[in-house]
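Undergrad: Just passing along the structure, written as structure tokens.
None of the figures in this text is laboratory data; all of them are computed from the coordinates on show. Note that the coordinates shown come from a computational prediction; the quantities given were computed from them, not determined experimentally. Counting neighbours? That spans all protein chains shown, and the Cβs are built from the backbone with ideal geometry, glycine included.
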Amino acid sequence: MIKIAPSMLSADFSNLRDEIKSIELAGADLLHIDVMDGHFVPNLTFGAPIVKAIRPHTNLPFDVHLMVTNPGDYVEEYAKIGVEYFTFHQETVPHIHRLIQHIKSLGMKAGVALNPSTPVSILEDVAADVDMILIMSVNPGFGGQSFIPRAIEKVKQAKSLLDAAGNMTAVIEVDGGINDITCIPIKEAGATVLVAGSAVFGAPNRADMIESIRNN
Ligand code: DX5
Ligand code: ZN
């Protein structure tokens, strides 16, 4: 079953409540929330206070993607807000195993994101522990960039890694440049959660676009 996680980064920030309702009604499975700090990535979005403010306005599970240099500082805060996935970047943390355990101990699912230049093999020793591997198919920081095809091979590698670790419950998510065409090889490779920002929020009919990404 493929899940679609529209990225709030492409929403109208002056009207978040209606934008989130709109994609919920359009059939989204998760709300992908891009937290950027202006340090790890060259862009700054919003943090926990905004995420907390929108939490009561939708039933969608929150898929929080932290592009920040010190994600471990925010685990308790996001756990209190109520988020499904707390995903941090491998490149930001020396003690990945410890952070994964901390996230899970507070009732969230732990995701680890990999930049386009980071090899999947770096996660070998935590493959049994993760709830999500997030393969970036653009360099993080901005919506509306072009899909990097190398991500297809990395999804296959992530699937092998999880299989070899006997981890049957973790999901593989892909983020960046996903539309109704680039979704096809990514799903074939084994990804089951697809993030789509500009493709969904910029579509004339958001429900049709979500269905196309799911079913194409
Ligand atoms: C990029 C973000 C993505 C972004 C995707 O740093 O992590 O979630 O919003 O946007 P699109 O789908 O437009 O590439
Ligand atoms: Zn993202």
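Undergrad: Could you tell me what percent of the DSSP beta bridges with both partners in the chain are antiparallel, to the nearest 5? Write down the numbers at each step before the final one.
TA: Working: 1 of 32 bridges.
Here the antiparallel bridges make up roughly 5 percent for the chain.
Undergrad: In what sequence do Ile135, Ile2 fall when counting other Cβ within 10 Å, fewest first?
TA: Working: Ile135 27, Ile2 15.
Lowest count first: Ile2, Ile135.
Undergrad: With charges only on Cβ, +1 for K and R and -1 for D and E, what is the dipole size of region 3-215 about its Cα centre, in debye, rounded to 20?
TA: Working: 16 positive and 25 negative charges, 26 e Å.
That gives a dipole near 120 debye.
Undergrad: Using helices alone, what [θ] at 222 nm do you get for the chain, with -39,500 (n - 2.57) per DSSP H run of 4 or more residues, divided over all residues and rounded to the nearest 500? All intermediate terms of the calculation are to be shown ahead of the outcome.
TA: Values: 8 runs with 70 residues, N = 216.
For the chain, the value works out to -9000 deg cm²/dmol.
Undergrad: Looking at region 1-96 only, what percent of DSSP beta bridges run antiparallel? Nearest 5 please.
TA: Numbers: 1 of 12 bridges.
Counting DSSP beta bridges with both partners in region 1-96, the antiparallel share is about 10 percent.
Undergrad: How large is Rg/Rh for region 92-216, to two decimals, with Cα atoms and a Kirkwood Rh? Mind dumping the intermediate values first?
TA: Numbers: Rg = 14.8 Å, Rh = 15.0 Å.
Rg/Rh: 0.98.
Undergrad: A follow-up question, please. What is the ratio of the Cα radius of gyration of region 35-98 to 2.2 N^0.38 Å, with N the residue count, to two decimals? Present the calculation step by step, with values, prior to reporting the outcome.
TA: Working: Rg = 11.8 Å, N = 64, 2.2 N^0.38 = 10.7 Å.
Normalised Cα radius of gyration, region 35-98: 1.11.
Undergrad: Something else about it: Most exposed first by the Cβ proxy, i.e. fewest other Cβ within 10 Å, how do Leu25, Leu134 rank?
TA: Working: Leu25 10, Leu134 29.
In increasing order of surrounding Cβ atoms, one gets Leu25, Leu134.
Undergrad: Among Lys52, Lys187, which comes first, second and so on when ranked by fewest other beta-carbon atoms within 10 Å? All intermediate terms of the calculation are to be shown ahead of the outcome.
TA: Details: Lys52 15, Lys187 19.
Neighbour counts put them in this order, fewest first: Lys52, Lys187.
Undergrad: Please work out the Kirkwood hydrodynamic radius for region 103-174, using every pair of different C-alpha atoms, and report it in angstroms with one decimal place. Present the calculation step by step, with values, prior to reporting the outcome.
TA: Working: mean 1/r = 0.0792 Å⁻¹.
One over the average 1/r among Cα pairs gives 12.6 Å for region 103-174.
Undergrad: Right, another one. Taking R0 as 35 Å, what FRET efficiency do you get between Lys156 and Leu44 from their Cβ-Cβ distance, rounded to the nearest 0.05?
TA: FRET efficiency, Lys156 to Leu44: 0.55.
Undergrad: Follow-up. Could you pull out the pairs from Lys80/Lys156; Lys3/Lys109; Lys52/Lys187; Lys104/Lys159; Lys3/Lys159 whose alpha carbons sit more than 23 Å apart here? Mind dumping the intermediate values first?
TA: Working: Lys80/Lys156 34 Å; Lys3/Lys109 16 Å; Lys52/Lys187 32 Å; Lys104/Lys159 21 Å; Lys3/Lys159 17 Å.
Exceeds cut-off: Lys80/Lys156; Lys52/Lys187.
Undergrad: Using only the alpha-carbon atoms, what does region 19-165 span along each of its principal axes? Please give whole angstrom values in decreasing order.
TA: Between the extreme Cα coordinates on each principal axis of region 19-165 lie 39, 36, 31 Å.
Undergrad: Which of the peptides 61-67, 118-124 is most tightly packed, and how do the rest follow, going by the mean number of other Cβ atoms within 10 Å of each residue? Don't jump to the answer; show the numbers that get you there.
TA: On the way: 61-67: 24.1, 118-124: 15.3.
The packing order, highest mean first, is 61-67, 118-124.
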